[in-house]
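Reviewing the structure listed below.
Please treat every number below as a calculation from the coordinates, not as lab data. Treat the numbers as computed from the prediction; the structure is a model and nothing was measured. For neighbour counting, all protein chains shown are included, and Cβ atoms are generated from backbone atoms with ideal geometry for every residue, glycine included.
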């Protein structure tokens, strides 16, 4: 199956292993750079993350413009949880950074690309 790359390159530096393998991932596209921590479970046996892994993760973390209450309802969190609210804010911030990095049009294509599920 052919996957679009969205003119994006990925480099990954392995930071440490433990419960998760933690990577410092750098995305580059059109002169922009975005660096983030990326964690993979032990089932990946230290394998380096691919662009597919990272884009799928960013897409899964997106809030799609949902309010906190809607987001909680979709994911089964209670709305009076401070931890849930902090997670929501983290997901929303990641989505904002993704939109800024890729541009709204390309981010929309990634979000709607069924190859990234």
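Write down Rg/Rh for the chain, rounded to two decimals, with Rg from the C-alpha atoms and Rh from the Kirkwood relation over Cα pairs. Each step should come with its number before you reach the end.
Details: Rg = 15.0 Å, Rh = 15.4 Å.
Rg divided by Rh gives 0.98.
Full extension of the chain between residue 44 and residue 7 yields a length gain of 10.8 nm, computed as 0.36 nm times the residue separation minus the alpha carbon distance. Sketch the reach of a paramagnetic label on residue 108 as a point 7 Å from Cα along Cα-to-Cβ, and name the residues of the stretch 52-79 whose backbone nitrogen lies under 14 Å away. Residues 65 qualify, since their backbone N sits under 14 Å from the label point. For the pair residue 87 and residue 20, a Förster radius of 22 Å applied to the C-beta separation gives a FRET efficiency near 0.85, rounded to the nearest 0.05. Projected label points at residue 30 and residue 79, each 7 Å from Cα along the beta carbon direction, are separated by 3.7 nanometres. Remark: 105, 95 ranked as 105, 95, counting other beta-carbon atoms within 10 Å and listing the fewest first.
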